[in-house]
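Values in this text are rule-based calculations from the coordinates and carry no lab data. What you see is a predicted model; the values in this text were computed from it and never measured. Using ideal geometry, Cβ is built from the backbone for each residue, glycine included, and neighbour counts are taken over all protein chains shown.
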Amino acid sequence: MWITFYPSIYEVVDDPSLDAIISWSKSNRSFIVWDPAALQREILPNYTIQFGRNYSQFLREIKYFGFERIRGSAQWEFGHKYFVRGQPELLDNMLIDVETERMAKFSAKLRAKEAAAKAKADVEHRLQRLLI
């Protein structure tokens, strides 16, 4: 799914016929959802696999794939450092960046679980020695 997500969102944002619903921001480094209801009604049915069926699923997918909400914007604006108008070749970097971050988080969680299991085993071992 991730293989099609980035090109699909880029295609939708870059389509000038959809500018009343979703478009590039003035900075060309983020996009704005102008009409969430129209996005759900007119765009999401064509991209259900990539974006979900409704606006809340779309928001979850956007976050999962590395986009962040632009704070201070009055609109629903989202961006990523590699999501740039006119530079779709950067989408590969976006994928690498997001997957690297996911792997780092997974590794950190795994190390924490292993440390907790070791600490638990140590405590159990000490308790057994005290009971003997």
Additional length obtainable on full extension of the chain from Ala121 to Asn93, 0.36 nm per residue less Cα span: 5.9 nm
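Considering only lysines 8 or more places apart in sequence, or on different chains, count the pairs in the chain whose C-alpha atoms sit under 16 Å apart. Write out the running numbers ahead of the final one.
Numbers: Lys26/Lys81; Lys63/Lys81; Lys63/Lys105; Lys105/Lys113; Lys109/Lys118.
For the chain, qualifying lysine pairs total 5.
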Listed residue (Thr4, Ser73, Val123) projecting farthest to the positive dipole end of the chain, Cβ model: Val123
Summed residue charge, Cβ within 12 Å of Lys26's Cβ, Lys/Arg positive, Asp/Glu negative: +1
Net charge dipole size for the stretch 1-128 [Lys, Arg +1 and Asp, Glu -1 on Cβ; Debye, nearest 20]: 760 debye
Folded to 0 to 90 degrees: helix 2-14 orientation relative to the chain principal axis, Cα: 30 degrees
Length released on extending from Arg60 to Asp19, taking residue separation times 0.36 nm less the Cα-Cα span: 12.6 nm
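Would you calculate, for the chain, the mean residue ellipticity at 222 nm contributed by helices, counting each DSSP H stretch of 4 or more residues as -39,500 (n - 2.57) and dividing by all residues, to the nearest 500? The partial results should precede the final answer.
Details: 4 runs with 68 residues, N = 132.
Per the formula, -17500 deg cm²/dmol.
Express the relative contact order of the chain as a whole percentage, based on alpha carbon pairs under 8 Å and six or more residues apart in sequence. Show your work: numbers first, answer last.
Working: 129 pairs, mean separation 26.8, N = 132.
RCO, the chain: 20 percent.
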Residue order, fewest to most surrounding Cβ atoms within 10 angstrom, among Met103, Met94: Met103, Met94
Leading residue at positive end of dipole, the chain (Cβ point charges), from Leu44, Tyr82, Ile96: Ile96
Using θ = phi - 60° and Karplus 6.51 cos²θ - 1.76 cosθ + 1.60, couplings along the stretch 76-82 (whole Hz; Gly, Pro as x): 7, 10, 9, x, 8, 4, 9
Pairwise label distance in nanometres, Arg69 with Asn28, each label 7 Å out on the Cα-Cβ vector: 2.8 nm
The stretch 1-97: trypsin sites (Lys or Arg not before Pro) in DSSP coil with no more than 16 other Cβ atoms inside 10 Å: Lys26, Arg29, Arg53, Arg71, Lys81, Arg85
